[in-house]
Amino acid sequence: MTESIFTYGAPALKFGDGASDELGFDLAQLGARRALVITDPGVAATGLPQRIADQMARYGVEAAVFDGVRVEPTDASMQAAVDWARAHGPWDAFVAVGGGSSIDTAKAVDLLLTNPGELLDYVNAPVGGGRAPTSPLHPLVAVPTTTGTGSESTTVCVMDVLAQRVKSGISHVRLRPTLAVVDPLLTISQPPGVTAAAGMDVLCHALESYTARPYSTGPRKQPEQRVPYCGSNPISDAWSERALALLAGSFRQAVRHGDDLTARREMALAATFAGLGFGNAGVHVPHANAYPIAGQVRDFHPADYPAGEAMVPHGMAVALTAPEAFRFTFPAAPERHLRAASLLAPPAEPAGDPAGHLPAVLVDLMRDIGIPDGVGAVGFGSADVDDLVAGSLKQQRLLATAPREVGADDLAGIFTRSMSLY
Ligand SMILES: NC(=O)c1ccc[n+]([C@@H]2O[C@H](COP(=O)([O-])OP(=O)(O)OC[C@H]3O[C@@H](n4cnc5c(N)ncnc54)[C@H](O)[C@@H]3O)[C@@H](O)[C@H]2O)c1
């Protein structure tokens, strides 16, 4: 029997200008008495996390700030956050203030302060033990300051596992935050480079979940086999389409004029919508390819990110092979790829090969917002293709969501054609 069921999950959501001013009240409603605010040094420097912590006291919630999150976290940086939280606890709630790096680190802290075992026990197999938490976690309130990952809605926590030189994660429904507080006013201080990379993450969430293998393909699952990412479905489609339309209107403007509040609000809404979509449908080839691009970086230092360490930020890594990935997936669902392109670039009519329309729209946008010109521009060459392909193939959970079977040769073609895009 083929599958006839899809699932949908989401956190409680509070959205809008000033929403973060009500956090003390919200935490008190959740029964919190002693909360840990988790953030990274860049976000801490804006003063937002301390302001949020101070405001909690008015509602009788004692709060402390941990500002040691690593941007693009590793298992070691998450462990350091867990150790700090253990040493300064007990806590009965966590508040993540920041981008995906802070929210994911807070998910790991919450997991390990409420459940037994080590971080790697819970990381997806085969990288980790694939263990499932058995006890409920403490309430986690996620307050995104980037317009990007959607981590405030998802059941996932992503990290670099240093010993294995691979990005992986923990995926379990208990990791979904209790409450997402999305306050567009917190996103205005994002620098242009962060707005561009994080925004490409939003765009790819919407595009990948919209073009994901439909939930109704494949054999019927048993209840215990159901996973949060169930393939494209009518509910995630609606969120993805709305996210694409918002991005069409505001993405370039938010990068170029970060003080444009309308553009920031629309980007925050787009990130929220795309998070609610992909958090249930799933993502596929561009995200699978992003893991080795980020994990195997040698010497790339993006503008507007912490200096010192080489990195390809997540959203940038996702974007670099997206045009060619969507050229590859086009035959599986031509009408969806064309509809997505027309939502992103409304007046444009497909010219020439229809499979090239969405890639062309993406490349135009990426050039306009300063995303590097392909995988070659972040330091890789043709000699790296085999290692990049091997890294993508480790992300079978994501590749299984692609609308077409994708093998090593397909991935090698996508990476090779993505060396230069413009
Ligand atoms: N859990 C999920 O579902 C999920 C989904 C996608 C990505 N991720 C992960 O999220 C991480 C990326 O997160 P991100 O793109 O949101 O960025 P981020 O958290 O890595 O932050 C990027 C940079 O922007 C700065 N910054 C953030 N907000 C700011 C603000 N308002 N003002 C000034 N500076 C600000 C930070 O200090 C940092 O230097 C990656 O580790 C990625 O793997 C997780």
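The values are calculated or read from the model by the stated rules, or taken from the named source; none is laboratory data. The structure displayed is predicted, hence computed values, not measured ones. Cβ placement follows ideal geometry from the backbone for every residue including glycine, while neighbour counts extend to all protein chains displayed. All accessible areas refer to the heavy atoms of the entire protein, side chains included, with ligands and DNA or RNA removed. Shrake-Rupley method; radii C 1.70, N 1.55, O 1.52, S 1.80 Å.
If packing is taken as the average number of other Cβ atoms within 10 Å across a peptide's residues, how do 57-66, 23-32 rank, most packed first?
So the order, starting with the most tightly packed, is 23-32, 57-66.
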Give, rounded to the nearest 20 debye, the magnitude of the charge dipole that the chain has about its Cα centre when Lys and Arg contribute +1 at Cβ and Asp and Glu contribute -1 at Cβ.
780 debye
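Compute for the range 1-131: radius of gyration divided by Kirkwood radius, i.e. Rg/Rh, restricted to C-alpha atoms, rounded to two decimals.
Ratio of gyration radius to Kirkwood radius for the range 1-131: 1.03.
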Within-15-Å neighbourhood charge of residue 21 [Cβ basis; K, R +1; D, E -1]
-2
Rounded to the nearest whole Å², what accessible area per residue is found for the chain with the 1.4 Å probe?
37 Å²
Helix check for the chain. Which DSSP H runs span at least 18 Å along their own axis by Cα, with a mean Kyte-Doolittle hydropathy no less than 0.5?
100-114, 192-210, 261-281, 357-369
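From largest accessible area down, sort 72, 118, 405; use a 1.4 Å probe on the protein chains.
Largest to smallest exposure gives the sequence 405, 118, 72.
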Distribution of pairwise C-alpha distances over the range 124-235, 5 Å bins, in %:
2, 9, 14, 18, 21, 19, 11, 4, 1, 0
Lys and Arg at +1, Asp and Glu at -1: neighbours of residue 265 with Cβ under 12 Å from its Cβ sum to -3
Per the 1.4 Å probe, what fraction of the accessible area of the chain, in percent, lies on carbon and sulfur atoms?
54 percent
Length released on extending from residue 304 to residue 29, taking residue separation times 0.36 nm less the Cα-Cα span:
95.3 nm
Note on the range 37-88: the mean projected area of its alpha-carbon convex hull, in nm², is 3.6 nm²
Quick query: amide H of residue 169 versus all other amide H atoms, modeled in the peptide plane; which residues come in under 5 Å with a sequence gap of 5 or more or a different chain?
124, 159
For residue 22 and residue 88 in the same chain, what is the full-extension length gain: residue separation times 0.36 nm, less their Cα-Cα distance, in nm?
21.2 nm
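Using the Cβ atoms and a cut-off under 10 Å, what net charge is assigned to the surroundings of residue 318, where Lys and Arg are +1 and Asp and Glu are -1?
Once all neighbours under 10 Å are counted, the net charge is -2.
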Taking only Cα atoms and a 10 Å spring cutoff, compute GNM fluctuations for the chain and point out the largest among 281, 45, 19.
45
Amide H neighbours of residue 232 under 5 Å, at least 5 residues apart or on other chains, H built in the peptide plane: list them.
212, 213, 215
per DSSP, antiparallel bridges as share of beta bridges in the range 119-188, % nearest 5, sits at 75 percent
Antiparallel bridges, percent of DSSP beta bridges restricted to the chain (to nearest 5):
25 percent
Can you give me the Cα centroid spacing of the range 269-290 and the range 46-80 in angstrom?
26 Å
If you take every DSSP beta bridge fully contained in the range 78-172, what fraction is antiparallel? Give it as a percent rounded to 5.
55 percent
Between the alpha-carbon centers of the range 188-253 and the range 135-167, tell me the distance in whole angstrom.
16 Å
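Can you list, largest first and rounded to whole Å, the semi-axes you get for the chain by taking the square root of 5 times each eigenvalue of its Cα gyration tensor?
Here the semi-axes work out to 32, 23, 21 Å.
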Can you list the equivalent-ellipsoid semi-axes of the range 278-416, largest first and in whole Å, using the square root of 5 times each Cα gyration tensor eigenvalue?
24, 19, 13
Electrostatic dipole magnitude of the range 154-294 [Cβ: Lys, Arg +1; Asp, Glu -1; Cα centre; debye, to 20]
380 debye
Top mean-square fluctuation among 289, 233, 115, Gaussian network model of the chain, C-alpha springs under 10 Å?
115
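Only helical DSSP H runs with n ≥ 4 go in: add -39500 (n - 2.57) per run for the chain, normalise by residue count and round the 222 nm mean residue ellipticity to 500 deg cm²/dmol.
Theoretical 222 nm ellipticity from helices: -13500 deg cm²/dmol.
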Around residue 72, which amide H atoms from residues at least 5 apart in sequence, or from another chain, sit under 5 Å from its own amide H, with H modelled in the peptide plane?
101
Please name whichever of 236, 376, 102 sits farthest to the positive end of the charge dipole of the chain, dipole taken about the Cα centre and charges placed at Cβ: Lys and Arg +1, Asp and Glu -1.
236
What share of all Cα pairs of the range 118-181, in percent, falls into each consecutive 10 Å distance bin?
21, 46, 30, 3
With springs only between Cα atoms under 10 Å, which of 223, 184, 11 fluctuates most in a Gaussian network model of the chain?
223
Loop chymotrypsin sites (Phe, Trp or Tyr not before Pro), the range 160-266 (other Cβ atoms within 10 Å of the site Cβ: 15 or fewer; DSSP)
none
